[in-house]
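Structure record follows, encoded as structure tokens.
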Amino acid sequence: MRDLAVLRGEIQTWSDLSDNVSSTVELFALAVEEDDETLSEQLRHDLDEYTQSVNALEFELQLSGEYDDRAAILYVKQGAGGVDAQDWAEMLLRMYTRWAERRGFGADVLDFTPGDEAGIKSATIKIDGKFAYGYLRSERGVHRLVRLSPFDADNRRHTSFALVEVLPEADESEEVKIKQDDLRVDVFRASGNGGQNVQKNSTAIRLTHLPTNLVVAVQNERSQAQNREVAMRILLSRLVDLDMQKKAEERAKLKGEHVSAEFGRQVRSYVQHPYQMVKDHRTDFQSNDAQAILDGDLDELLKSYLTSQMESASAPSNAIR
């Protein structure tokens, strides 16, 4: 039913665009016939609008991965850098939330651990919208920030790191299944702000998947049952992602490609001092408007990575035959 709804939506989008273009063509022909120049501005505006729509739809047609049309579960965690890194992790979380808002996507917090003095230690959010995972899968990896630290009394330049993971939202129909015998469940008291319920009751859940040693801890919800449900959703998504990585490694080896540990690689640098720049180290895409990107203007960065991946996939194999 989900796949059917997606296909209907795609057909309706193209059908509406086709109807609009046809109407504009008829209006243009009428304006020419009657030598009416008053419609020129409206026709020019319509042409620009349709061109942008076609370009966007054409790009989306390339998002054909198995999970690209899914919602994304995005995990942000502080890296090296102390309080600055916790603040940086919160800045990244805000950046992705703003990007979702710009696109009209939903952004729901699944888990949130505040920092000691500022920022966050980690957070997990679900971003729900058309091709959310397809766009955001490019964000996996280590993100680096260089700036004058607001937490340094001497106003010195600091470098901070944060880790971003992006998972496709999983559902009950997945081939990957979780057996209850493979789970270890631990309960504990949630930390941080949360009122008396958090302080007195063991509502937080930690799930350990024994075969893979994957660990998911959730403490954001008020009840143990809610935290367990969220933790199971995240764990299933992590298992799906692990299965995807294994398949990708197998395909790469068959093609004779070098397989790198992309998860731990620094993927992007954000510089706010002594100059303004954001650079993606995988594509060499650069922007001098770091603040706009931190405010959620991510589309060009995301598209540059996805385009480079598509070009790499279509390039001739280097395998020795």
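The values are calculated or read from the model by the stated rules, or taken from the named source; none is laboratory data. From a predicted model like this one, the values you see are computed outputs, not experimental measurements. All Cβ positions, even for glycine, are placed from backbone atoms using ideal geometry, and neighbour counts span all protein chains on display.
What the table below lists for this structure:
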{"item": "Failed criterion for residue 181 (all others in (1) in contact with a strand residue (DSSP E or B) (Cβ under 6 Å, 6 or more places away or on another chain); (2) at pLDDT 90 or above hold)", "result": "(1)"}
{"item": "Cβ pairs under 6 Å, 6+ apart, first in segment 105-127 and more than 20 Å from residue 298 (Cβ to Cβ), second β-branched (Val, Ile, Thr) and assigned to a strand (DSSP E or B)", "result": "110/124; 111/124; 111/218; 114/120; 121/113; 122/113"}
{"item": "Matching residues, segment 187-220, being modelled with pLDDT under 90 and farther than 21 Å from residue 77 by Cα", "result": "187, 195, 196, 197, 198, 199, 200, 201, 202, 203"}
{"item": "Qualifying positions in segment 204-227 - of a type outside the set (A, V, I, L, M) and over 12 Å from residue 183 (Cα atoms)", "result": "219, 220, 221, 222, 223, 224, 226, 227"}
{"item": "Single match in 90, 101, 66, 26 (criterion: more than 24 Å from residue 166 (Cα to Cα) and not β-branched (Val, Ile, Thr))", "result": "26"}
{"item": "Subset of segment 211-233 (residues that are in contact with a helix residue (DSSP H, G or I) (Cβ under 8 Å, 6 or more places away or on another chain), of a type outside the set (Gly, Ala, Ser) and either touching a residue at least 24 places away in the same chain (Cβ under 8 Å) or under 15 Å from residue 108 (Cα atoms) (or both))", "result": "211, 212, 214, 218, 219, 220, 221, 222"}
{"item": "Test: residue 10 is at pLDDT below 85, in a helix (DSSP H, G or I) and within 30 Å of residue 307 (Cβ to Cβ)", "result": "yes"}
{"item": "Qualifying residue in segment 131-150 (condition: among the aliphatic types (A, V, I, L, M), more than 14 Å from the chain's Cα centre (by Cα) and closer than 25 Å to residue 233 by Cα)", "result": "no"}
{"item": "Within segment 109-121, considering residues that are among the charged types (D, E, K, R) and within 18 Å of residue 217 (Cβ to Cβ), the one farthest from the chain's Cα centre (by Cα)", "result": "116"}
{"item": "Residues within segment 233-291 that are at pLDDT below 75, among the aliphatic types (A, V, I, L, M) and assigned to a helix (DSSP H, G or I), tallied", "result": "2"}
{"item": "Residue within segment 33-54 that is in contact (Cβ under 8 Å) with a residue 40 or more places away in the chain and either in a helix (DSSP H, G or I) or at negative phi (or both) present", "result": "no"}
{"item": "Filtered residues of segment 1-56 (kept if surrounded by fewer than 11 Cβ atoms within 10 Å (Cβ to Cβ), of a type in the set (S, T, N, Q) and within 28 Å of the chain's Cα centre (by Cα))", "result": "12, 51, 52, 55"}
{"item": "Criterion violated by residue 170 - all others in (1) among the hydrophobic types (A, V, I, L, M, F, W, C); (2) farther than 21 Å from residue 233 by Cβ; (3) modelled with pLDDT under 90; (4) assigned by TED's automatic domain parsing to the domain that holds residue 115 satisfied", "result": "(2)"}
